[in-house]
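Enquirer: One structure is given below, represented as structure tokens, and several questions about it will come after.
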Ligand SMILES: [Cu+2]
């Protein structure tokens, strides 16, 4: 009796380990092509699922030098002037701003574009996932979009960091 019980427990533990170690069924990789308001491609973002979050590899060309807010928005639709992308991706129903509190899952650090206008940078977003079915998945019913703004995110003003116009947008797509 004792031995049987022990075996059952071991079996359950092994199952748990197997489930934990299994790679995500799909959507380990995603990509978004960024376009400006005229429809011109200005860069790409490659997204990779990691154990600690989603790594975003950002590559942009020809942006105005300076600081630009960079967010994940709630709707995967980029029609200029990009209001179509909705507000920030915010499955946790938090207020905006990484210095104000937990912030939106879609809140990320500003992009600092040098004089050349070209930038390559990587950002780890620990609040989102590419795994479908999870509450913080960017692949929810209406998808998600990456948006670059004209101005910097002040990291505290609700709901959007006082970041100004949306100058580029890209729908997040499975790769
Ligand atoms: Cu935004």
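Enquirer: Which strands (runs of 3 or more DSSP E) sit wholly inside the stretch 113-175 and have at least 2 residues that are crowded, with 21+ Cβ neighbours inside 10 Å?
Expert: The strands (runs of 3 or more DSSP E) meeting that bar are 145-149, 166-171.
Enquirer: From the list 47, 56, exactly one residue is assigned to a strand (DSSP E or B), more than 16 Å from the ligand (Cβ to nearest atom) and surrounded by 15 or more Cβ atoms within 10 Å (Cβ to Cβ). Which is it?
Expert: On inspection, the qualifying residue turns out to be 47.
Enquirer: Report yes if some residue within the stretch 140-159 is modelled with pLDDT of 95 or more, away from the ligand (no atom under 15 Å from the Cβ) and in contact with a strand residue (DSSP E or B) (Cβ under 8 Å, 6 or more places away or on another chain); otherwise report no.
Expert: Scanning the stretch 140-159 turns up at least one residue that is modelled with pLDDT of 95 or more, away from the ligand (no atom under 15 Å from the Cβ) and in contact with a strand residue (DSSP E or B) (Cβ under 8 Å, 6 or more places away or on another chain).
Enquirer: Give all pairs with beta carbons closer than 8 Å in which a residue from the stretch 93-105 that is over 20 Å from residue 52 (Cα atoms) meets a residue that is modelled with pLDDT of 95 or more and outside any loop (DSSP other than H, G, I, E, B); count only pairs at least 6 apart in sequence or on separate chains.
Expert: Matching pairs, first to second residue: 96/88; 96/107; 97/107.
Enquirer: Within the group 24, 64, 80, 41, which residue is surrounded by fewer than 21 Cβ atoms within 10 Å (Cβ to Cβ) and at pLDDT below 95?
Expert: 24
Enquirer: Let me ask you something else. When you go through (1) touching a residue at least 24 places away in the same chain (Cβ under 8 Å); (2) touching a helix residue (DSSP H, G or I) at 6+ places or on another chain (Cβ under 9 Å) one by one for residue 79, which number turns out not to apply?
Expert: Checking residue 79 against (1) touching a residue at least 24 places away in the same chain (Cβ under 8 Å); (2) touching a helix residue (DSSP H, G or I) at 6+ places or on another chain (Cβ under 9 Å), the one that fails is (1).
Enquirer: Residue check, residue 78 against (1) in a loop (DSSP other than H, G, I, E, B); (2) more than 21 Å from residue 174 (Cα to Cα), all met but one. Which one?
Expert: (2)
Enquirer: Let me ask another. Give the number of residues within the stretch 93-109 that are within 27 Å of residue 27 (Cβ to Cβ) and surrounded by fewer than 20 Cβ atoms within 10 Å (Cβ to Cβ).
Expert: 5
Enquirer: If you scan the stretch 158-173, which residues turn out to be within 12 Å of residue 70 (Cα to Cα) and within 17 Å of the chain's Cα centre (by Cα)?
Expert: 160, 161, 166, 168, 169, 170
Enquirer: Regarding residue 30, is this residue buried (at least 17 other Cβ atoms within 10 Å of the Cβ), farther than 23 Å from residue 152 by Cβ, in contact with a strand residue (DSSP E or B) (Cβ under 6 Å, 6 or more places away or on another chain) and at pLDDT 95 or above?
Expert: Yes; evaluated as a whole, the condition is true for this residue.
Enquirer: Report, ordered by the first and then the second residue, all pairs with beta carbons closer than 6 Å, sequence separation of six or more or different chains, a first member in the stretch 142-167 that is within 15 Å of residue 123 (Cβ to Cβ), and a second member that is at pLDDT below 95 and near the ligand (Cβ under 10 Å from one of its atoms).
Expert: Pairs found: none.
The values are calculated or read from the model by the stated rules, or taken from the named source; none is laboratory data. Bear in mind the structure is a predicted one, so any value in this text is a computation, not a measurement. Every residue, glycine among them, receives a Cβ derived from its backbone with ideal geometry; neighbour counts consider all protein chains shown.
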